[in-house]
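**Student:** After the structure tokens below, expect a handful of questions from me.
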Amino acid sequence: QHRQTFGARFEPLGLRVEVLSRFNKPKHRKEVLADTKLGKVDVLVGTQMIAKGLDFPNATLVGVVAADSALFLPDFRASERTFQLLAQVIGRTGRGPRGGRVVVQAYDPRHPAVQAGVRQDMLGFAAGDVDVLLHGPVGRLVGLQALILFLQLAELLEQVREDDDQEGDRGHLD
């Protein structure tokens, strides 16, 4: 279905269109990838192809549709995943001699994860995400681990006191 939709738009312009999806048979998928690397495919449609590790040095234009869709899922790692996807796609696009461009479509283009991902700003993203880390599940986990360490230390100190008291009783001569 996608093949027909995109083919109808691009093939009249003389462009060869292929679609990669989980429904492709492995043999067809290998043929499409080989043809793409050889430059025989002009438009390749699929989901998370570059993010999955596929490298197309001749890709000069990559579109990321609904780049922030993960941000609307109940997952505390959604921001990090969004940043990672965008930074990876942008980093892999246009590695060939002709360079390349990335067009990003997002529902909330001002979201810090989208902004940092587009700029490939790992430090800026990490600095902005610290608040989420401190107040989200990770922050609670770190607090719990600190409490456990504190209780273990208190128990150890109590044991040392008891050992000192026992040694002190043996050391007195009356």
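**Student:** With respect to Leu85, determine if the residue is closer than 26 Å to Glu18 by Cβ and of a type outside the set (Phe, Trp, Tyr).
**Tutor:** In short, yes.
**Student:** Any idea which of Arg3, Arg98, Arg81, Arg9 is touching a residue at least 12 places away in the same chain (Cβ under 8 Å), in a helix (DSSP H, G or I), surrounded by fewer than 18 Cβ atoms within 10 Å (Cβ to Cβ) and among the basic types (Lys, Arg)?
**Tutor:** Within the list Arg3, Arg98, Arg81, Arg9, the selection yields Arg3.
**Student:** I've got another one for you. Ala59 - would you say it is in contact with a Leu (Cβ under 9 Å, 6 or more places away or on another chain), under 22 Å from Gly128 (Cβ atoms) and not polar (S, T, N, Q)?
**Tutor:** So Ala59 fails the test.
**Student:** Can you name the number of the only condition in (1) within 14 Å of the chain's Cα centre (by Cα); (2) basic (Lys, Arg); (3) assigned to a loop (DSSP other than H, G, I, E, B) that Lys40 fails?
**Tutor:** The failed condition is (1).
**Student:** Do you know which residues across segment 152-174 are more than 57 Å from the chain's Cα centre (by Cα) and either at pLDDT 85 or above or open to solvent by less than 100 Å² (accessible area, probe 1.4 Å) (or both)?
**Tutor:** Gly168, Gly171 - these are the residues of segment 152-174 that are more than 57 Å from the chain's Cα centre (by Cα) and either at pLDDT 85 or above or open to solvent by less than 100 Å² (accessible area, probe 1.4 Å) (or both).
**Student:** Kindly indicate which of Phe83, Phe72, Phe76, Phe56 is among the aromatic types (Phe, Trp, Tyr) and closer than 29 Å to Gln4 by Cα.
**Tutor:** Going through Phe83, Phe72, Phe76, Phe56 in turn, just one is among the aromatic types (Phe, Trp, Tyr) and closer than 29 Å to Gln4 by Cα: Phe56.
**Student:** Criterion first (closer than 23 Å to Ala116 by Cα, at pLDDT 85 or above and basic (Lys, Arg)) does Arg92 satisfy it?
**Tutor:** No; evaluated as a whole, the condition is false for this residue.
**Student:** Does segment 12-34 hold any residues that are open to solvent by less than 100 Å² (accessible area, probe 1.4 Å), within 17 Å of Phe56 (Cβ to Cβ) and not in a loop (DSSP other than H, G, I, E, B), and which are they?
**Tutor:** Correct list: Val17, Glu18, Val19, Arg29, Glu31, Val32, Leu33, Ala34.
The values are calculated or read from the model by the stated rules, or taken from the named source; none is laboratory data. This is a predicted model, so every value here is computed, not measured. As a convention, Cβ positions derive from the backbone with ideal geometry for all residues, glycine included, and neighbour counts pool all protein chains shown. Side chains included, ligands, DNA and RNA excluded: accessible areas come from the protein's heavy atoms. Shrake-Rupley method; radii C 1.70, N 1.55, O 1.52, S 1.80 Å.
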